[in-house]
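In what follows, a structure is listed as structure tokens, so that the remarks can point back to it.
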Amino acid sequence: AQSVTQLGSHVSVSEGALVLLRCNYSSSVPPYLFWYVQYPNQGLQLLLKYTSAATLVKGINGFEAEFKKSETSFHLTKPSAHMSDAAEYFCAVSGYFGNEKLTFGTGTRLTIIP
Amino acid sequence: DAGITQSPRYKITETGRQVTLMCHQTWSHSYMFWYRQDLGHGLRLIYYSAAADITDKGEVPDGYVVSRSKTENFPLTLESATRSQTSVYFCASSESLGQGYYGYTFGSGTRLTVV
């Protein structure tokens, strides 16, 4: 069974500052990990995913995440926040063998301060 | 249009009424999912389907019914709506259960209010 924990339901950063959204996972098998973004009144969009090819994964809109097995973490970062990054972000995990559904975290709402 | 569409976008219904939320995908994905999104709970899986005529319960199936007679459609029915079912409902699809190349593709959601 898999689970994810997102630390901080709300994160606020100033425009131009570093964005760091935390995700820790628990998995009984090697995991596939995902970050999704949800803009207001929209569905979720895939931001990036880790599928064991490389531990540092680059996604859309300048976001990246690093898989750290020793820390069971998959934190999302962006060097410089932009106003358009304001959204809710969800971390998700599934099993490596593809026979388990995605399990989502409870989400982190990112606010950008002008 | 290609993609996954949900209808209606907004729905207000009365307690005890039956209501059906529609989901249609044009990707020919095998898997389809229904989630509800509530503050503090994130996304919770209601039901999912591996193919036409194959459905299974998720985390919170009580009070909901699904069917999938065609690959592209996956309607969700609330047989007798309750106020606790006020939520935003998302439909999603994927070519595989857990590791589709594009992850899950989500619809834009249906905001349901039960009064």
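Just so you know, all these numbers are worked out from the coordinates, no wet-lab data involved. As the structure is a computational prediction, the values presented were derived from the model and not from experiment. Positions of Cβ are generated from backbone atoms using ideal geometry, with glycine treated the same way; all protein chains shown enter the neighbour counts.
The C-alpha radius of gyration of region B:25-76, expressed as a fraction of 2.2 N^0.38 Å, stands at 1.14. Counts of other chain beta carbons within 10 angstrom of each beta carbon in peptide B:37-49 average 4. Highest GNM mean-square fluctuation, chain A, Cα pairs closer than 10 Å: which of A:Leu20, A:Leu76, A:Leu33? With Cα springs under 10 Å in chain A, the top fluctuation among A:Leu20, A:Leu76, A:Leu33 is at A:Leu20. Secondary structure note: in chain B, about 90% of the DSSP beta bridges are antiparallel. A straight line joining the Cα centroids of region B:45-64 and region A:57-71 runs 31 Å. Among the residues of A:102-108, the average count of other protein chain beta-carbon atoms within 10 Å of the residue beta-carbon is 6. Overall shape of chain A was characterised from the C-alpha gyration tensor. The equivalent ellipsoid obtained from it has semi-axes of 24, 14, 12 Å, in decreasing order.
Label sites at A:Ser52 and B:Ser80, each approximated as a point 7 angstrom past Cα along Cα to Cβ, lie 4.8 nm apart. Lys-Lys pairs in the protein assembly as shown that are eight or more residues apart or on separate chains and whose Cα atoms lie under 21 Å of each other come to 13. Geometric descriptor of chain B, per residue, is 94 Å³ (volume of the convex hull of the Cα atoms). Across the alpha-carbon atoms of the protein assembly as shown, the computed radius of gyration and Dmax are 17.5, 51 angstrom.
B:Leu112 sits among other residues whose Cβ lies under 15 Å from its own Cβ, and their net charge, with Lys and Arg +1 and Asp and Glu -1, is +4.
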